[in-house]
Each structure stands twice: as C-alpha cells, then as structure tokens.
1. Of the residues 265, 227, 203, 255, only one is aliphatic (A, V, I, L, M), out of contact with any strand residue (DSSP E or B) (no Cβ under 6 Å at 6 or more places or on another chain), crowded, with 18+ Cβ neighbours inside 10 Å and modelled with pLDDT of 90 or more; which?
2. Of these, 234, 214, which one is within 30 Å of residue 337 (Cα to Cα), open to solvent by 40 Å² or more (accessible area, probe 1.4 Å) and not basic (Lys, Arg)?
3. Looking at 272, 207, which is the one that is of a type outside the set (Asp, Glu) and farther than 29 Å from residue 45 by Cβ?
4. Looking at residue 476 and the list (1) at pLDDT 95 or above; (2) open to solvent by 60 Å² or more (accessible area, probe 1.4 Å); (3) under 24 Å from the mean Cα position of the chain (by Cα), which single condition is not satisfied?
5. If you go through region 139-165 one residue at a time, how many are under 16 Å from the mean Cα position of the chain (by Cα), assigned to a helix (DSSP H, G or I) and not aromatic (Phe, Trp, Tyr)?
6. Suppose we filter 224, 234 for residues that are within 20 Å of the chain's Cα centre (by Cα) and without any contact (Cβ under 8 Å) to a residue 60 or more places away in the chain; which single one remains?
7. Kindly indicate which of 265, 203, 255, 218 is under 24 Å from the mean Cα position of the chain (by Cα) and either on the phi > 0 side of the Ramachandran plot or free of Cβ contacts under 8 Å to residues at least 60 places away in the same chain (or both).
8. Just the residues that are hydroxyl-bearing (Ser, Thr, Tyr), farther than 25 Å from residue 511 by Cα and open to solvent by 30 Å² or more (accessible area, probe 1.4 Å), please, taken from region 319-340.
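The values are calculated or read from the model by the stated rules, or taken from the named source; none is laboratory data. Small disclaimer: the values here were computed from a predicted structure and weren't measured. Cβ placement follows ideal geometry from the backbone for every residue including glycine, while neighbour counts extend to all protein chains displayed. Keep in mind that these areas ignore ligands, DNA and RNA; they rest on the heavy atoms of the full protein, side chains included. Shrake-Rupley method; radii C 1.70, N 1.55, O 1.52, S 1.80 Å.
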Amino acid sequence: MLLKPLHRQRSRREEASPDDAGTDQQDASGPETPVPLSSPEPKDDFQEELVIRPLHSGDIYASFQFRTLWETDFTRGDKESHYRLFPKSLGQVISKFSVRELHISFTQGHWRTMQWGQPFLPSPPGAELWVWFQDSVTDVDGMWKELSNVLSGIFCASLNFIDSTNTVQPSASFKPLGISNVTDHRFLRYATLPREIVCTENLTPWKKLLPCGSKAGLAVLLKSEKLFHSSFHSQAVHIRPVCQDWQCKTTSWELRQALNVVFDLHTSGQGKREWTLFKMFSRTVTEACPLASSSKIYVDITDNPQGEQFELSPASHLLSQAVVLGDRRTFSVYDLTQQVTFGTVRSLNLLIRWKSSEGDMLRPLLHAERYVAGYGLQTGEIHTVMYNNHPYRSFPVLLLDSVPWYLRLYIHTLTVTSKGKDNKPSYIHYQPSKDRVRPHLLEMLVQLPPNSVTEVKVQFERALLKWTEYTPDPNHGFYVGSSVISSLVPSIVAMDTNSTLDRPLFSSFFPCKEESSYFVRIYTEPLLVNLPTPDFSMPYNVICLTCTVVAVGYGSLYNLLTRSFQIEEPSPGLAKRIANIIRKMRGVPPL
C-alpha cells in the first residue's frame, strides 16, 4: 500500500530541473518558505478481470485478462528511466529493437472448438511469435533473430530455436492490431514452434510482469500445479499502441497479458458437476490488486437466465451485457474493489453447481481441422477442412499454411472443393521453400458458401535428412505448425466500431471496422509427420561387431608374440607308474 507515495516522491525528485536546484542553493541561507507540491497524475493504468464460462459438457473455461496502459513513446530518442506499472524488461525490448507490435503465446493442448466454442483470444499449440517492426529498421532478419533470443531469456522458453527455417513473412493474414496504418509485410515476421512444452518455468516470469505479481488480486489464483493439470492452458503477451480517444489525439502503449485454461470434469478427481474457485485454483480471492483501477470477475449466465441450468452463489445483483464474437452475452459481475463483494468472511469463493445436463451449445459459424493422408514414407497429402455453419451467408476466409522445407509441396496438385465442386481462390500467394533455408508459405483467399464444407488438398514428398538433422527421438515424428484461418464472420447483433469506449477486456481485443461482421482467427491442429528414418541402431551394431573382431584378432596375435614356450616330457604310462611304486617299496631305483 506504500508503493504509490514512494513512486510519486521519486518522480518529483527525478523531475527536478537544474534551475530548480540552483534556486534551492541560493535560498538555502535565507528563511525557508513552504512551497505547495502537487503530485502529477500518473499516465499509466492497470486493469484485471476474470471471465468464467460454464460449458455444457460439465467442463469450465476461465480466462484471465490483465491490461497495462502507459501514455508514453518508446520510439523517441531518449529512453524511459522510470517505470511504475509497465514492466521495464519489455519496455527496453520495445525501445532497443524498434518494435511496433509484439504478440507471443505459449499453449499446451488443442482448443476443441466444437465442444467449447470460440475462445476469447485464440492461440495455436506450442509457441507462437509474430512481430511488426518500425519502418526505420534496416536489417529486419538480424533484429528478428536477436529479439527471439532475448525473449527466450525473458520467458525461459526455447524461442532461440526460431531461425530462417521456420520464419515466414505473411502478406495478408496478419495485420497490425494497433493504430499503425503501415502494412508493409517486409517488417513483419511470424514463426511457430509446435513442439514447445509449456511448464512452470514459463509461467513464473509471465506472472512477474504483473504490477502486483502473484501476491494480490486475481493473480493469486494462478497456481501452477492446478493450471497445468487441465485440458487446455494458454498464456500470451500482446503489446501494441492504441488510441486514448475517438480522434486518436493521444496514444498509449497497451500491454495485455491473457491466460486461458479449461478444467476437465473427469480429471478433477471428483466427477461432480460443480465448480468453485478453490476447486479450480486451490485459492480464493481476498482482495483486488492495490494498483488496479478495475478488478472484476465475470460469470457467463447467458444460457442460464432463470437458473434452470446451474446454480451460482453467492448471487450478484450487478449484471452486464457485452457483445462477444458477434453475440450478445449476459454476465454476473463481481467488483473486487468493493468490500461488499467479499462479505463478512473477507473471501470470495464462487460456486457453480449444475442442475441439468441438457442443452446444446451453439455451434460456431467457422470451424476448421487438418490432417495428413496417404501411406508409406515417400509421398503424402495435407487436407485442410473448413466448415461454414451459417445457414444463408457466405463469407471469405484467408488461409495461411507454413510447411517445413523437408515436406516438398507439389503446388500443381493444389485443389479447393466446396460441395463437390471446384472453388477457385480469388487470391493466392505462394513462396517456395529452399532446403535448409526457409519453409513453404501458402496464403489464399477462399469464399466459403453457406452451410458448406470446403476442403483444401495438396500433395507433398518427404525429403531424406542428414543423419545429424534428426531429433533425438526421430521415430516420434516431426511437427508441422497449425494452419491460420482469418475471416470476417457475419454478426448476429450490431458490433461497436468505437474501440475507445469503456468495455470489458475480453470483448475489446480485435478492432472492429464494420457493424455487420466481426474478426475471427482460428488455428487447426498441428500435424505429426513421419519421415524416412534410418536405422540408428545399425552404427551401434557395426561398432560392436568391429570391436569384437579387432579384440579377437589382436588378442590372438598378442598371445603368439608374448607367450613363452617350454618343452615338457610326456607323463609315464599307468604300467610304468605301478612298476616304479613297487620298485620304490622294495628300495630299488625307479625305471
């Protein structure tokens, strides 16, 4: 609670000018006159929120959102020296590497769209990093390589394995999410590591970026042994410049930290269709972060208007409506900045108990999946299937595929079919791969007919790697990153195009330009492809056989060269020995 006064005093000391120092020295001998000091209002702000969505399968989806706004300019020549809420490590990264936007995510598990619906912030399995650089950067590739190494150290991840063989420059799929209008794709880099494993060592530095850490507020619920014992876990960091007002006269840098987790009903160990904060996180909420201007918990009760599906306690009389993914949702709101929320026990432990297992979830309008077909270890075929579940509206989707160089695509075999008919893409951008230099990049704009299934197929040939290029477990297979599908999906209700209004964080990430549609980005499953793998046990067998032959041959020759030979008389026969015994008994010399 003493952080704010200390920071303000430090700010006043640092903002003192040399002229003021000289004036103080001149007046030191004279009588002191009290000068009223007015502390300037801080130009940064921090908000936190938790959204809980009960799922019809009995599972539960929890989404944490932490946003830090700072009215500053990292692109100017002089560097920021005083950081209050914004983490200094990320501020220095933005300044040093001339970053315009940075988006990074670490995900364990695959999001099941048909069972859980659309997530608030999508992310692919593994690690994903895409960055927009300032147009003043001359060596983008060198800056990208150094930035990935620095982020690898900050988040304790394997981002240092990002190189030219898994980096692409999308031309249309990834646009700036901030206020920048420059869309020169030469300053954009995108890479994924689908095999990256997310663990506690990634969560700890992520929590340290928060102003209150994991000591107060909603961050006390982020207990690693509970978060990683779940069906899906994703943590992300998004940095971008945003507007402060409608005319965009003042801008701020936004740091948004998001953590999504889905708790499975059966892996919880109890099997009961009820959830509490303590059951999910082994903690309860006792206070809001002292540095947060807003701290709220939202519970989605859209499908439970009369309480016939589940019971929510303690009940909240504060309700809120927000347009999320083209649909108007109703939420029960718990404001943690109000002491009445915690009651007399000074603790908030929400309880959600299901009453009925009936009810179907609304199918998402856009869904996609991908798999590998074929047999043998020479050729194969990649299938990407996209579903448009809208009954009467068609809309275009932008498909991005980044395929490693060791899967040599036959681009002349590319086919797109919808309802059994050819569907010619209106835009195709293809960049062929170079062995051990860069991957394939395929982008296409496809129109999805209403209530249809569109399939994209392309054949490939497996390359034979050098024996030093195989992973330690080559028979496990090689991972291919997820496909990225971006689209403007028709909305059921009118969308709000003013991004500067005060809205919940989970409904204000992607900018909205039209009232009739909303932006959706989904990711397919990563692929696991087997490559022609040599028998790595054969060198071991050869070494054993060679060593055996050498040992036998050398040992025999060594014995022949070093052994000494002596002539020994043959032992006498049985009759002669009996005769010698008799002669010895008679005292006669032996024969």
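1. Just a single option satisfies the conditions, and that option is 203.
2. Going through 234, 214 in turn, just one is within 30 Å of residue 337 (Cα to Cα), open to solvent by 40 Å² or more (accessible area, probe 1.4 Å) and not basic (Lys, Arg): 214.
3. Just one listed residue meets the conditions, 272.
4. Evaluating residue 476 over (1) at pLDDT 95 or above; (2) open to solvent by 60 Å² or more (accessible area, probe 1.4 Å); (3) under 24 Å from the mean Cα position of the chain (by Cα) leaves (1) as the failure.
5. Count: 7.
6. The match here is 224.
7. After ruling out the rest, the residue left standing is 203.
8. 337
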